[in-house]
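All remarks here apply to the structure that follows.
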Amino acid sequence: MATKLSSALVAPSKVANLLDWRKAIGSVMALDITPKSIGIAIAEHPENICESFTLKPISIHQDAQGASYTKKKKQLSKELISELEATVRQHRVCAFVVNWPCHEGRMGQECGKVLSVLDSVIDQSNSIVTRKRPFTLWCNDASASYDTSPPDEWGRSTSFAQAPTYFEGMNYSSKSATRANDESSSANSSEVAASVLDEWVKNHW
């Protein structure tokens, strides 16, 4: 049986179709989910405005142990949910483009964090992410979008058998690069969301 989260997940082209249908009054919201905040950017239909604009990131409240959820059922704070609901209503959001932080085609802990936060959002609110207001995952990692390497003798992509390139001081989890967990990461999360949204727009218009 499909979960609430999976039932609201659609292809990027479906989100573009929804924005086309509601281009007079609707918008698309991009989310960049980090350990400390949720970055937000908004884009109207390209016929109305060319570039997306950022909003102030919403802080993910943490307890003394650094947990991003309340102790009860590991849920996000009610304040965060209320702020998201208000923003969605204010900008007449018809769908979401969520930053999918894969690296060199690989999914690590950051991707798990994104799904965990989205699952908590959809579990606590029936007016943010829904089947009628779906979301899509968008990865700006070029290596995840296409693969030009020759297949091996069994027809499999050889890229996925190669270890990613590491450098001294790089933060990573599950052998995938991650953004540093610092103040600048949270402060720039809305800029990342805007970059993701602009890239998505360029690919569909």
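The values are calculated or read from the model by the stated rules, or taken from the named source; none is laboratory data. Quick caveat: nothing in here was measured; it's all calculated off a predicted structure. A quick note on method: Cβ atoms are made from the backbone with ideal geometry, for glycine too, and the neighbour counts reach across all protein chains shown. Just so you know, the surface numbers come from the protein's heavy atoms only, side chains and all, with ligands and any DNA or RNA stripped out. Shrake-Rupley method; radii C 1.70, N 1.55, O 1.52, S 1.80 Å.
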The simple spin-label model distance between residue 90 and residue 140, using points 7 Å out along Cα→Cβ, in nm, is 2.4 nm
Probe 1.4 Å, all chains present, heavy atoms only: residue 92 accessible area in Å², nearest 10, is 130 Å²
With every protein chain in place, the accessible area of residue 113 for a 1.4 Å probe, in Å² rounded to the nearest 10, comes to 40 Å²
Taking 0.36 nm per residue of separation between residue 55 and residue 130 and subtracting their Cα-Cα distance, the length gained on full extension comes to 24.8 nm
Here FRET efficiency (C-beta to C-beta, residue 78 to residue 191, R₀ 35 Å, nearest 0.05) is 0.85
Over 24 Å (Cα to Cα) among 4/202; 56/78; 36/56 -> 4/202
